[in-house]
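The values are calculated or read from the model by the stated rules, or taken from the named source; none is laboratory data. The shown structure was predicted, so the numbers you read here are calculated from the model rather than taken from an experiment. A quick note on method: Cβ atoms are made from the backbone with ideal geometry, for glycine too, and the neighbour counts reach across all protein chains shown.
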Amino acid sequence: MRHLSEKKILLLILLFGLLLVFYKFISVFYFPDSDWKMSREQKIELEVNKPVIQKFRSDKNNLAALEFLFGRSSLKKVNGKIHFQILEENCTEKIADSYLTPQDINPDDSNAFTFDKIADSENKIYCLKLIFEASDSKTKNPFVFTNPNDSSDNVSLVDVSGNELKNQSLSMRPAYKSDTFWQDATELNKRISQYKPWFLKQYFLGFIIISLMLLSVLLVAILLVI
Amino acid sequence: MQNIQMPAFLKKSGFVLALILVSFFLRGVFLTALFPIFDGPDEARHYNTIQYLSEPEEKSWTINERPIKKDKSDIAGYNFSQEIIKTAENIKTNDPGDDLFGIINFSESYIGKSENAINLNDWHRYNENYPPDIAGENNLYHLLCSLIEKSFGQYSILIRFYLIRIFSILLGTAVLFLCYIITKNIGFSEKYSLLLSAIISFQPRFSMHFSYITYDDLLILAFALFTLGCVLILKNGLRRKNVLLALTAMLIGLFTKGTSIVLLTVFIFFLACLFYKKIKNHKIKRAPLLASIILLLVLVFIFQKYFDLATLISGMNFGTLGEYLFKSLTVGRMEITSKTYWGNLQWSSNIFYDFILYFIWAIEIISAIGIAVIIFSKKKIEFLPEKKYILFFLGMLAALQLGIRFYDWQIFSQTGGFDLGTPGRYFLPNIISHFILVFCGLVAFLKKEKYFDISMKVGLLFMFFFWFYLIIDVVMPRYYM
């Protein structure tokens, strides 16, 4: 280490930092289904250890995340974590689970539970459970939102009391990955290209992104060593 | 280990400067593509102003009288052109309001679901409802953009709108070039001038701001040009071309946005200081002194009428000043200003961003102490600019702070709330002065040039990662993932 000059250390930091940025990017590299509506119409309180159960149909393969909206008002006083489970249609066989703590939640944005992508998820019905697991008795309960159900993909919603809420679904969006990184990159390019003029679309956009990356890294590398 | 060897041309300052400018431009073009149409602050209103200025003088269409609506929930209620309203309605998200979770309803291809309808180009691009909802008349930025709007009139709104955004990036690129010239002229070496320009080029809010259509883009350029003019006056004296440069910048600013009244104030004070020094040293003749005073009085007279300063001053309500200061100078409000000055930090509740913000504050506080030490110290630091430049940059910062807070206080007096507020972008016009001061302040503690060199390189790395992290991991997922 003592043989390394400060210039080389700075270049190593540059390399390491870039890897970190792209590692973080890969972790959110999934695409929410924009046909699903999300709104803050009505709310359901998540009571301790009482699941809210939503059944829904996945439209595509490679289901990789589900995004939800959480209420703002009680969030700071929530002590515990929200346990998310995704199960087969009959709600018995668990496929994946994940947790969110109040610190992870941004009430102004959608919040994703991510899991290993389910390869053959197209047209399958899944059961998801949201369970609040309190860490002390003084906690406030978090809440999630529901939408009027206007899609056949939302099969049913059962609240914490076990009652089915007719014509309601959780305010949520399934999100998908592709089979390969390249397909995901193409999907991202497609989304950014929409409603853009020809010179900011597809190949032009790809060229701009690659050029700016290369030139920016080259610029910083040069300035670090001169 | 051997030292790092680079081809000689890579080290040439002309090449590095070109790299700074080209890479900034490309990042800006990418950002214009990243932000959906009309996504910037009041961007639809700015574009409507450009369309209004592009209208034929003879209004041959039916004009309806409709008061300007304050409710922002529905774009159809605004007095915008049909083209803006229809375009916005066709690209609208599935989700109501301005919530962060709203995304466009995407298609499976490179063409948006309603893109062909927008490209048909058959909606009216003139204002049918009067008064039009515009951001001031006879504004230089909008006038320049209206030339693009007219020149590409036969193309779709997507082409015209995004070309104007790209024009704004060119203004930002010009600011960076001026930054390099300013830093060179105050005495920074070639290397530090390049480093500082590169650091500013990666400031996330700076590049985001220039990828929107807003008159603030030309305002920032005017501030940079004015800073250069004054720096040259400080360096070479009251030569005609330097004074002309500062005056031109002031006029560009004044015909762009009211904020530029700050430049007039700074210039008067600046000249007064220079004249005082010259009079004291018996170095000035009466004729140029009188000519300058008359010129400034004429300028003050013209612009006090233009901005109706008399009404503003007579309407001041000092009774609300205490309440305003008490409510506005809080950590919470400063945090909002700071988060929006550095980027879209408010878009994430991630504790990492709070850490970044507090880290920046810590650096700024240390720098502020360092600046005080430098000002009161008699020792000259070789590789740093002279004190006169530091005092001038401090004056610029103070004047803009006072100007923005003065207007915010006026609005507070009228409405009882922070309807104007102090979003961070309002302070961007002084970004060059701000960054120079931050790094100069650190020198008081770093002492040696070697450490100053490292601090600038670490600053560059920090800003580089900050830009990429914010854009790739926050902004891009917000709209598309």
Open item on the list: Within the stretch A:30-39, take every residue that is facing chain B (nearest Cβ under 7 Å) and either part of a loop (DSSP other than H, G, I, E, B) or over 12 Å from the mean Cα position of the chain (by Cα) (or both) and give me the one that is surrounded by the most Cβ atoms within 10 Å (Cβ to Cβ).
Closed with: A:MET38
Open item on the list: Filter the stretch B:384-431 down to the residues that are within 14 Å of B:VAL266 (Cα to Cα), of a type in the set (Gly, Ala, Ser) and touching a residue at least 60 places away in the same chain (Cβ under 8 Å) and list them by number.
Closed with: B:GLY395, B:ALA399, B:GLY403
Task: Matching option when the condition is assigned to a helix (DSSP H, G or I) and facing chain A (nearest Cβ under 7 Å), among B:PHE445, B:PHE452, B:PHE439, B:PHE465 - done: B:PHE465
- [ ] Answer yes or no: is there a residue in the stretch A:165-178 that is in contact (Cβ under 8 Å) with a residue 24 or more places away in the chain, more than 9 Å from chain B (Cβ to nearest Cβ) and out of contact with any Leu (no Cβ under 7 Å at 6 or more places or on another chain).
- [x] yes
Open item on the list: With the condition being more than 8 Å from chain A (Cβ to nearest Cβ), within 30 Å of B:PRO131 (Cα to Cα) and touching a Leu at 6+ places or on another chain (Cβ under 7 Å), I'd like the helices (runs of 4 or more DSSP H) fully within the stretch B:1-54 carrying at least 1 qualifying residues.
Closed with: B:43-54
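For B:ARG160, indicate whether it is free of Cβ contacts under 8 Å to residues at least 24 places away in the same chain, at negative phi and not assigned by TED's automatic domain parsing to the domain that holds B:PHE406.
Against the criterion (free of Cβ contacts under 8 Å to residues at least 24 places away in the same chain, at negative phi and not assigned by TED's automatic domain parsing to the domain that holds B:PHE406), B:ARG160 qualifies.
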Open item on the list: Testing B:MET250 on (1) surrounded by 23 or more Cβ atoms within 10 Å (Cβ to Cβ); (2) within 14 Å of chain A (Cβ to nearest Cβ); (3) of a type in the set (A, V, I, L, M), one condition comes back false. Which one is that?
Closed with: (2)
Task: First in the stretch A:48-70 and in contact (Cβ under 8 Å) with a residue 24 or more places away in the chain and over 20 Å from A:PHE145 (Cα atoms), second anywhere and among the aromatic types (Phe, Trp, Tyr) and part of a loop (DSSP other than H, G, I, E, B), Cβ under 8 Å, 6 or more apart - done: A:ALA64/A:TYR30
Open item on the list: Given the criteria in a helix (DSSP H, G or I) and either away from every other protein chain (no Cβ under 14 Å) or under 25 Å from B:ILE375 (Cβ atoms) (or both), does B:GLY421 qualify?
Closed with: no
- [ ] Kindly check whether there is at least one residue in the stretch B:81-95 that is in contact with a Leu (Cβ under 7 Å, 6 or more places away or on another chain) and away from chain A (no Cβ under 14 Å).
- [x] no
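Please work out which residue is nearest to A:ILE9 (Cα to Cα), limiting yourself to the stretch B:416-441 and to residues that are surrounded by fewer than 20 Cβ atoms within 10 Å (Cβ to Cβ) and of a type outside the set (A, V, I, L, M, F, W, C).
B:GLY424
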TODO: Could you tell me which of the residues B:THR214, B:THR227, B:THR183 is hydroxyl-bearing (Ser, Thr, Tyr) and either free of Cβ contacts under 8 Å to residues at least 40 places away in the same chain or not in a helix (DSSP H, G or I) (or both)?
DONE: B:THR214
Task: Flag if B:LYS241 is assigned by TED's automatic domain parsing to the domain that holds B:PRO423 and in contact with a Leu (Cβ under 6 Å, 6 or more places away or on another chain) - done: no
Task: Exclusive hit being in the same structural domain as B:ASP473 (by TED's automatic domain parsing) and in contact with a Lys or Arg (Cβ under 8 Å, 6 or more places away or on another chain), set B:ASN139, B:ASN129, B:ASN185 - done: B:ASN185
TODO: Could you list, in sequence order, all residues of the stretch B:179-199 that are more than 13 Å from chain A (Cβ to nearest Cβ) and closer than 24 Å to B:THR32 by Cα?
DONE: B:CYS179
TODO: Can you confirm whether the stretch B:340-358 contains a residue that is more than 25 Å from B:HIS209 (Cβ to Cβ) and of a type outside the set (A, V, I, L, M, F, W, C)?
DONE: no
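Residue-wise test of (1) closer than 26 Å to B:ILE134 by Cα; (2) at pLDDT 95 or above; (3) out of contact with any Gly (no Cβ under 7 Å at 6 or more places or on another chain); (4) part of a helix (DSSP H, G or I).
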| position | (1), (2), (3), (4) |
| --- | --- |
| B:LEU218 | yes, yes, yes, yes |
| B:LEU247 | no, no, yes, yes |
| B:LEU264 | yes, no, yes, yes |
| B:CYS273 | no, no, yes, yes |
| B:LEU295 | no, no, yes, yes |
Open item on the list: buried (at least 23 other Cβ atoms within 10 Å of the Cβ) and more than 14 Å from chain A (Cβ to nearest Cβ): is that true of B:ALA174 in this structure?
Closed with: no
Open item on the list: When you check A:ASP104 against the structure, is it within 7 Å of another protein chain (Cβ to nearest Cβ) and of a type outside the set (A, V, I, L, M, F, W, C), yes or no?
Closed with: no
- [ ] State whether one or more residues within the stretch B:102-122 are more than 14 Å from chain A (Cβ to nearest Cβ), in a loop (DSSP other than H, G, I, E, B) and under 25 Å from B:ASP217 (Cβ atoms).
- [x] no
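For every residue, the table says whether it meets (1) crowded, with 21+ Cβ neighbours inside 10 Å; (2) of a type in the set (A, V, I, L, M); (3) at pLDDT below 95.
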residue: B:VAL443; (1), (2), (3): yes, yes, yes
residue: B:ASP453; (1), (2), (3): no, no, yes
residue: B:PHE462; (1), (2), (3): no, no, yes
residue: B:PHE465; (1), (2), (3): no, no, yes
residue: B:ILE472; (1), (2), (3): no, yes, yes
residue: B:VAL475; (1), (2), (3): no, yes, yes
residue: B:ARG478; (1), (2), (3): no, no, yes
TODO: For the stretch B:238-258, name all the residues that are farther than 18 Å from B:ASN138 by Cβ and of a type in the set (Lys, Arg).
DONE: B:ARG239, B:ARG240, B:LYS241
Open item on the list: Please pick out the residue among B:ASN129, B:ASN185 that is at negative phi, touching a strand residue (DSSP E or B) at 6+ places or on another chain (Cβ under 6 Å) and of a type outside the set (Asp, Glu).
Closed with: B:ASN129
